[in-house]
Amino acid sequence: MRQQYGRRSQALAGALVIFALAIVIQMTRIQNSPEADTFRQLSQDYAYEWRTFYPNRGEIYDRNGRLLAGEKIIYEVGVDLTIMTDPHAISYAAADALGMDYNQLMEVIQNPPEGISYIVLADYVDAAQANYLQELKKALNEQAPEGSLGGLTGLQFKSHPQRSYPENSLASNILGFVNREGKGYFGVEEKYDSLLAGNPVTVLVPTDPNKAFEIPNAPNGTTLVLSINRDLQAAAEDILDSALGEYGARDGIIAIMDPQSGEMLAIATSRRMDLNEFWNYDVVYDNATEFNPVISKTYEPGSVIKILTMAAALDSGTVTPNTTYLDTGSILIGGVTIQNWDRNPWGVQNMVGCLQHSLNVCMVTISTQMGANTFYNYMDAFGIGHLTGVDLAWEAPGRLKVPGDPDWYPVDLGTNAFGQGVAVTPIQMMAAVSAVANHGRMVIPHVLYAMVRDGRQYQVPEQFGTTPISEQTANTLNEMLAISLEEEGSQALVPGYRIAGKTGTAQIPVDGYYDSTQTNTSFIGWGPVDDPQFMIYVWLERPTTSPWGSETAAPVFAEIAQRTVILLDIPPDSIRQQLVQK
Amino acid sequence: MLTALACGASVGRKSIALAMTKRKIMNIPNVNLPNVNHLIHAYRVAPWRVQRQWIGNALLVVVIFAMVAALYLNVTSRTAIAGREVQDLTDAIAASQQVSSDLQTQLAGLTSAESMEKRAREMGFRPVEPAELEYLVVPGYVARDAVDLSSSAQTQLNALTIPPAYNQSLLDWMDERLVSARRFQ
């Protein structure tokens, strides 16, 4: 009996061992079978999948924390062909909601390329349109008979971020824009493109949950805080738009800067575009220089450059404020006769009168007394003909012809002294003149105030340019310019605030000759004189009501200066001085 | 009777001694000891007993293997679930960030310069004129500076703030316990 049990046990044990061995043999056989490679390949195919990560592009704020550029959610609408039930319903719904062609959609859905299981019908679909389709899909699913699927089964929605500009066209010339591929064009978006980054990244991601730690981390872009004041920018744009209409100018700019730090507070241009519709770029602009003429468009500045000529003359000791000369109304230089703006003689004038009446003959006189070397050395030191280094894309360097250049003639020494025959950008003029307002030291204009990354804000350190003139020269000229405006009774004056500045009127060359009816009018001014907190540059192109800067740009300056002192909380001089005394 | 006693108790010399003691107490007549040893030896080498020992050992190995396999399966499945949760939460974080940015942009659109001016005008406001302004001296007033977007209140999850249970090994835990126990002695 016991032997019987023993044999049965042995038989059972043997059977189990054979079964186990069979499993091992089968496993080994499968591992080495011809199909094993196929299975291994299949497992590898499913082990990883391509996924696109859409990290947020860094936001852009103004100096008071107002969002100027952010992100919004848009959708990619597609069809999963493996679960699609009704191509007609999908085509009809998509055609209706997205404004697409029904027949084209049917063609694409019913005849997909070989091996394709998912088709993108439309991308960059607005949230409202996508929500409409999602609601429709949901409603059809609910109405479908029990056990069957809704007609829009297979219609899929994938959300991803897209750049959005809540202020639409406000400060468009400063911000620039981002195209659908995530590349920045113009302004801050192009200049700081790599910093703002946040570009989509397509990478292989493991589907094995045990390898979750291998999911790549696509960091969001750096957030930028600009020195721009949104409310001041809006006011500048409003005033500029009004001025274009009032003076019949073709184009214009208003730029406002803190002359002590170089922070740009507002840069208004007449041509602006809704950045949310960047594809209209070609409709708004004829060429790239028109996007932000403050930094890109060069022009002959006219009499505003007399500030620099006078600064050079004072600093080099060529003249003092009390130096006098006899103005005969014209002067000969390089074989060419130069006349005053009114072609009249102004008699004996000192240097304040020279600035006050904006006398060309005076400027030619002192530039020739300085000599070409001294004059051009100072112009070079002021940065004329060089990039200012402003942190906006597409800055132009301008052009200053100097002795030795093939196209320089002796008459240029005279014409350059009053702003003709030299090409500058408005930002270049502001940087150069900042030396006068800022005790002789130039600033580097900039729009970036701070950067925010990982919850920390990093201030941009102050940067200063060269010191082309002494502090004494700067202070003297500051006073001379303030007096000249006051004695002239300029329309640029702002009640309650002492302002220094200069008008400019430059004829525009047409077909190689200067046209006296076509002018660029401008005014550059700053205040309060004893503690300058703003510098404003106004440029109107081809005003039709008057060709003179004193009658067009100067009153615009006064208007924007009045808004500036209110928005920047700058009290009138009398109150400010009382506060200082206390 | 001797066989029954030996079968009912654990096997060995101590058991035999115990049986003999019981026998003395119960006044059982003496038995020849060489015969007893022979029986014990026969019992030890019985084939069914050897088989049972083999089966027992084999079952023990199978049970240990099954326990290890079950433990491994349990840990692996929990790890897989945790990994899947990590994947889902990563996606959820990204989606939440996008929604947050979208809402922030919508809010900025509602408070844009253009819409705020329009609403202010509709409510009867107008831009202030310079002559209407009155400046007051406020002791201790500090003029508003540019915005600071630092999120200083934001708590950063780092190695120091993660509870030790999530990054401490068993040996680390035992070591910590030993150290703390010594400290309180």
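FYI, it's all coordinate maths here, none of it is from the lab. Given the structure is predicted, the values throughout are model-derived calculations rather than measurements. Don't worry about glycine lacking a Cβ; one is built from the backbone with ideal geometry, like all the others, and counts go over all protein chains shown.
With a Förster radius of 22 Å applied to the beta-carbon distance between A:D405 and A:T328, the computed FRET efficiency rounds to 0.10. Proximity of backbone amide H atoms, modeled 1.01 Å from N, is registered between A:Q533 and A:G527 at under 5 Å, excluding neighbours fewer than 5 places apart on the same chain. Note on B:R126 and A:Y285: the model spin-label points, each 7 Å out from Cα along the C-beta direction, lie 3.8 nm apart. Mean separation of Cα pairs under 8 Å and 6 or more residues apart, divided by the residue count, gives the stretch A:166-294 a relative contact order of 27 percent. Shielding of peptide A:567-575 by partners, expressed as the average count of other chain Cβ atoms within 10 Å per residue Cβ, is 2.
On a per residue basis, the convex hull of the C-alpha atoms belonging to the stretch A:446-527 measures out at 224 Å³. Taking Cα atoms only, the orientation of helix A:36-47 departs from the longest principal axis of chain A by about 40 degrees.
Counting Cβ atoms of other protein chains within 10 Å of each Cβ in A:61-74 and taking the mean gives 5. Across chain A, Cα pairs under 8 Å and at least six residues apart give a relative contact order of 14 percent. By how many degrees, between 0 and 90 and to the nearest 10, does the Cα long axis of helix A:230-247 differ from the longest principal axis of chain A? Tilt of helix A:230-247: around 50 degrees. What you get for the stretch A:358-480, charging only the Cβ of Lys and Arg (+1) and of Asp and Glu (-1), is a dipole of about 120 debye around the Cα centre.
Counting, for every residue in B:78-85, the Cβ atoms of other protein chains within 10 Å of its Cβ and taking the mean gives 3. In the distance distribution for the stretch A:360-509, Cα-Cα pairs more than 22 Å apart total 51 percent. For the stretch A:230-581, the share of alpha carbon pairs falling in successive 20 Å distance bins from zero is 31, 60, 9, 0 percent. The fewest-to-most ranking of B:H41, A:H386 by surrounding Cβ atoms within 10 Å reads B:H41, A:H386.
Full extension of the chain segment joining B:Q53 with B:L103 gains 10.7 nm, where the gain is 0.36 nm per residue of separation less the Cα-Cα distance. Candidates A:S358, B:V75, A:H160 compared by Cα position along the dipole of the protein assembly as shown: farthest toward the positive end lies B:V75, with charges placed on Cβ. Modelled label positions at A:R8 and A:A47, each set 7 Å beyond Cα in the direction of Cβ, lie 4.9 nm from each other.
Working note: Debye formula, equal point scatterers on the alpha-carbon atoms of the stretch A:73-164, no solvent; log10 I(q)/I(0) at q = 0.20, 0.22, 0.25 Å⁻¹ is -0.94, -1.11, -1.34.
Seen from a random direction on average, the alpha-carbon convex hull of the stretch A:240-315 projects onto 7.3 square nanometres. Karplus-derived 3J(HN,Hα) values for the stretch A:300-308, using 6.51 cos²θ - 1.76 cosθ + 1.60 with θ = phi - 60°, are 7, x, x, 5, 4, 6, 4, 4, 6 Hz; glycine and proline are entered as x.
Remark: the A:Q143-A:Y514 segment gains 125.9 nm on full extension, using 0.36 nm per residue and subtracting the alpha carbon distance.
In the stretch B:60-110, the alpha-carbon atoms span a convex hull of 30 Å³ per residue. Gain on full extension, evaluated as 0.36 nm per residue between A:D573 and A:D531 minus their Cα-Cα distance, stands at 14.2 nm. Couplings 3J(HN,Hα) for the stretch A:309-314, derived from phi with the Karplus relation 6.51 cos²θ - 1.76 cosθ + 1.60 (θ = phi - 60°), are 4, 5, 4, 5, 5, 5 Hz, where x marks Gly and Pro.
For the stretch B:51-93, the residues whose amide N sits under 18 Å from a probe point set 7 Å from the Cα of A:I83 along the beta carbon direction are B:88. Both radii were evaluated on the Cα set of the protein assembly as shown; the Rg over Rh quotient, with Rh as the Kirkwood radius, amounts to 1.28. Among A:F382, A:F213, the ranking by other beta carbons within 10 Å of each residue's beta carbon, starting with the fewest, stands as A:F213, A:F382. Sorted largest first, the spans of the alpha carbon positions of the stretch A:1-142 along the three principal axes are 95, 49, 35 Å. Of all DSSP-defined beta bridges confined to chain A, some 95% are antiparallel rather than parallel. For the pair A:Y132 and A:D241, label points projected 7 Å from Cα toward Cβ lie 2.9 nm apart.
Here's the picture: charge each Lys and Arg Cβ at +1 and each Asp and Glu Cβ at -1 in chain A, and of A:F213, A:I73, A:G14 the one pushed furthest to the positive end of that dipole is A:G14. Across the stretch A:159-164, computed HN-Hα scalar couplings (Karplus, 6.51 cos²θ - 1.76 cosθ + 1.60, θ = phi - 60°) run 8, 7, x, 9, 4, 9 Hz from first to last residue, x flagging Gly and Pro. Rounded to the nearest 20 debye, the dipole magnitude of the protein assembly as shown is 7300 debye, with +1 charges on Lys and Arg beta carbons, -1 on Asp and Glu beta carbons, and the Cα centre as origin. Only lysine pairs 8 or more places apart or on separate chains count here, and in chain A those with Cα atoms under 15 Å apart total 4. For the stretch A:351-420, what does the alpha-carbon gyration tensor say about shape, rounded, prolate or oblate, given a ≥ b ≥ c as the root eigenvalues, a/c under 1.5 as rounded, and a/b over b/c as prolate? It comes out oblate by the Cα gyration axes. To the nearest ten degrees, helix A:426-437 and the longest principal axis of the Cα atoms of chain A are 60 degrees apart. Positive-end ranking of B:A66, B:A94, B:L110 along the dipole of the stretch B:48-111, with charges on Cβ about the Cα centre, is headed by B:A66. Here r is the Cβ-Cβ distance between B:L178 and A:Q26 and R0 is 45 Å; the resulting FRET efficiency, rounded to 0.05, is 0.35.
As a calculated quantity, the FRET efficiency between A:V17 and B:L110 at R0 = 56 Å, using C-beta atoms, amounts to about 0.10.
Cα centroid distance between the stretch B:58-72 and the stretch B:86-110, in Å? Result: 48 Å between the Cα centres.
The ranking of A:I228, B:I55, A:I116, A:I366 by Cβ neighbour count inside 10 Å, starting from the fewest, reads A:I116, B:I55, A:I366, A:I228.
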